[in-house]
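Take a look at the structure set out below.
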Amino acid sequence: MKITIMLSFLISIAGFVSISGCDNNQGTLTLQQVNEPKSYLGYSSNTVMINGLRFHYVESGSGPVIILLHGFPYFGETWDPLLKPLSKRFHVVAPDNRGYGFTEKPPEINDYKIECLVSDVVELIKYVADDRPVIIIGHDWGGVLAWSVAQQHPALVDKLIVINAPPYNVMLNMLSNSDSQRAASGYISKMTSWVGKLYFYIKGPELMWGEALAKLHEQGVLSDEFKRAFLSAWSQAGAAEAAINWYKANIPNFDDINEKSYWPSKAARVTVPSLLIWSKDDKAFSNDTFREIPRFVDNLQIKVINTSSHTPFLDHTNQVIDYIGQFISTQ
């Protein structure tokens, strides 16, 4: 039994070495094809220097600016189902966040602290919108980031839309005090361990593609080009470590969370008009976390989608677009 396990492990390692080494004969997707920033889905692809790092973003349309902030394990073009319809009325900008996709990946864990991530978004707003207020839409970690930008820089945010994510201070508070949220977030300690890191490196981009996205691809919801874009983003050197660093930099051991852990503060509030789109049975967050969010947002609308999907903008796209359109039009 032990020999079999060891052989399987060594075969996996050998496969990983062939993927990351000199053998670039990998069907339609090779590392040589994905080193330079590009759009696989037909958008304008651009780079800009922000806080000493080269950021990649895609954009489409004209008019008031909407910035789309992705979460884990995604990248700017993941927003494709929203980019196309929103760009008919807006100038839509979707960056690869710090450490993701074709954006540069600083090596230090502290380079991924929430205050650094917020500064990135602020500088991007200055660049693409000339300091004028924008609409921000965020999902997962991108949602946490969007809440934080609104807390610290409300003058730069016209409207805020978050999909399946609490504010950072709410998240830390629930990880400190809620057994159900701790259970839902138990994956974090595994993912940030050396075992998780090794598993990422062994399995490669296909691990991140995962069962959920593979199923949507098989159903025709996600195109071949979407998959190519996804695997390209995760084929970048250091992609896995950079993504994990978002967790390492901002989520302490649950028992170690204290007043100093919060940024900008434990009591930070959101005052801009906000829409929260929430999946009723999302396994990433507990019900008590969902119920806690309105206590920290002054002007909040909530729309609940009857699904367990963590990414309803991919598989409940029309519903999400309708909610966004209604919110933007009525506020």
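Condition (residue is of a type in the set (D, E, K, R), at pLDDT 95 or above, crowded, with 20+ Cβ neighbours inside 10 Å and farther than 23 Å from MET208 by Cα) applied to the stretch 63-86: is it met by at least one residue? There is no residue in the stretch 63-86 that is of a type in the set (D, E, K, R), at pLDDT 95 or above, crowded, with 20+ Cβ neighbours inside 10 Å and farther than 23 Å from MET208 by Cα. Restricting attention to the stretch 98-139, the residues that are crowded, with 19+ Cβ neighbours inside 10 Å and among the basic types (Lys, Arg) total 2. When ALA267 is tested against (1) crowded, with 17+ Cβ neighbours inside 10 Å; (2) among the hydrophobic types (A, V, I, L, M, F, W, C); (3) in contact with a Phe, Trp or Tyr (Cβ under 9 Å, 6 or more places away or on another chain), just one condition goes unmet, and that condition is (1). Cβ-Cβ contacts under 9 Å between residues 6 or more apart (or on different chains), taken from a first residue in the stretch 109-123 that is at negative phi and free of Cβ contacts under 8 Å to residues at least 40 places away in the same chain to a second residue that is surrounded by fewer than 16 Cβ atoms within 10 Å (Cβ to Cβ) and not in a helix (DSSP H, G or I), are listed as VAL118/PRO264. Do we find a residue being among the charged types (D, E, K, R), part of a loop (DSSP other than H, G, I, E, B) and either in contact (Cβ under 8 Å) with a residue 60 or more places away in the chain or in contact with a Lys or Arg (Cβ under 9 Å, 6 or more places away or on another chain) (or both) anywhere in the stretch 286-294? Among the residues of the stretch 286-294, not one is among the charged types (D, E, K, R), part of a loop (DSSP other than H, G, I, E, B) and either in contact (Cβ under 8 Å) with a residue 60 or more places away in the chain or in contact with a Lys or Arg (Cβ under 9 Å, 6 or more places away or on another chain) (or both), which makes the answer no. Scan the stretch 32-63 for residues that are within 18 Å of ARG89 (Cβ to Cβ), of a type outside the set (A, V, I, L, M, F, W, C) and in a strand (DSSP E or B) and jot them down. Matches in the stretch 32-63: SER44, GLU59, SER60. The C-beta contact set for the stretch 223-237 (first residue within 17 Å of ASP80 (Cα to Cα), second residue of a type in the set (Gly, Ala, Ser), distance under 6 angstrom, 6+ apart or interchain) comprises ALA233/GLY101.
The values are calculated or read from the model by the stated rules, or taken from the named source; none is laboratory data. These figures come from a predicted structure and were not determined experimentally. So basically every Cβ, Gly included, is an ideal-geometry build from the backbone, and we count neighbours across all protein chains shown.
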